[in-house]
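These notes are about the structure you will find just below.
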Amino acid sequence: KLREEGQRKLTLEEKQRRRRCLEELGAPEFTEHLLQQAGCDGTRFATEVLQLNIGLYCNQACNHCHVESSPRRHEAMSSDVADKCLDILANSPSVTTLDITGGAPELQPEFRRIVRRCRELRPDVDIIDRCNLTVLAEPGQEDLADFLADNGVHVVASLPCYSDKNVNMQRGRGVFARSIEGLRRLNEVGYGNELKLDLVYNPLGAFLPPPQDALQD
């Protein structure tokens, strides 16, 4: 029934009852607690990162994807919206990072234009491409690694685990092998040496990944 009808809205009485329970437990007010943890007084800082989700189409359908991207999703950023984002970037000197995600961002119509135009407008900006690695083997993407390298794009690649069994369980049969091939292609054009390449580990459950040193060993 919950799946069919969704979560019903809390009534005012239920909200008040939950607040009283939290107060009895001594739980701090959310905003107060957040500011204490951040060590600030709530004053807005200058924006340093502009993150763009430019579309939901993806060549994979991972069970951990929080935006439910898949080959069946075709929502994508329009040219007009991309132009507005680039205008904001050009006029926001405090922004030092352009973080492009999706879906598979490389498969979105505006991806390459955004990257090229960003390089023209703001050569100093760190452009991040959140890459699933298998996209490098997609038809029409044979030159993708070269494009990323030529534009000095910082690749943040998602590799759910070092185990082929776990990766294929989470992302589908054969994904681990194609991911490794994608990494090798990036290595060939300089990623992992003079070009920046980071790997993101995705746990299979509600727990944190092991320490990075242990994963590297």
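The values are calculated or read from the model by the stated rules, or taken from the named source; none is laboratory data. Everything quoted here is computed from the prediction, not taken from an experiment. We place every Cβ from the backbone using ideal geometry, glycine too, and count neighbours over all the protein chains shown. Side chains included, ligands, DNA and RNA excluded: accessible areas come from the protein's heavy atoms. Shrake-Rupley method; radii C 1.70, N 1.55, O 1.52, S 1.80 Å.
Structure summary
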{"quantity": "Filtered residues of region 26-65 (kept if surrounded by 10 or more Cβ atoms within 10 Å (Cβ to Cβ) and free of Cβ contacts under 8 Å to residues at least 40 places away in the same chain)", "calculated": "Ala27, Pro28, Glu29, Glu32, His33, Leu34, Leu35, Gln36, Ala38, Cys40, Cys65"}
{"quantity": "Selection within region 129-150 - assigned to a loop (DSSP other than H, G, I, E, B) and surrounded by fewer than 22 Cβ atoms within 10 Å (Cβ to Cβ)", "calculated": "Glu138, Pro139, Gly140, Gln141, Glu142, Asp143"}
{"quantity": "Any hit, region 3-24, residues being in contact with a strand residue (DSSP E or B) (Cβ under 8 Å, 6 or more places away or on another chain), of a type outside the set (Ser, Thr, Tyr) and either outside any loop (DSSP other than H, G, I, E, B) or under 26 Å from Thr134 (Cβ atoms) (or both)", "calculated": "no"}
{"quantity": "Residues that are part of a strand (DSSP E or B) and open to solvent by less than 20 Å² (accessible area, probe 1.4 Å), drawn from region 82-116", "calculated": "Leu98, Asp99, Ile100"}
{"quantity": "Filter result (outside any strand (DSSP E or B) and of a type in the set (A, V, I, L, M)) within region 117-128", "calculated": "Leu121, Val125"}
{"quantity": "Long-range neighbours under 6 Å by Cβ, at least six apart or interchain, first residue under 18 Å from Ile100 (Cβ atoms) and among the acidic types (Asp, Glu) within region 70-82, second part of a loop (DSSP other than H, G, I, E, B) and modelled with pLDDT of 90 or more", "calculated": "Glu75/Leu56"}
{"quantity": "Test: residue in region 173-186 that is more than 29 Å from Glu48 (Cα to Cα), in a helix (DSSP H, G or I) and polar (S, T, N, Q)", "calculated": "yes"}
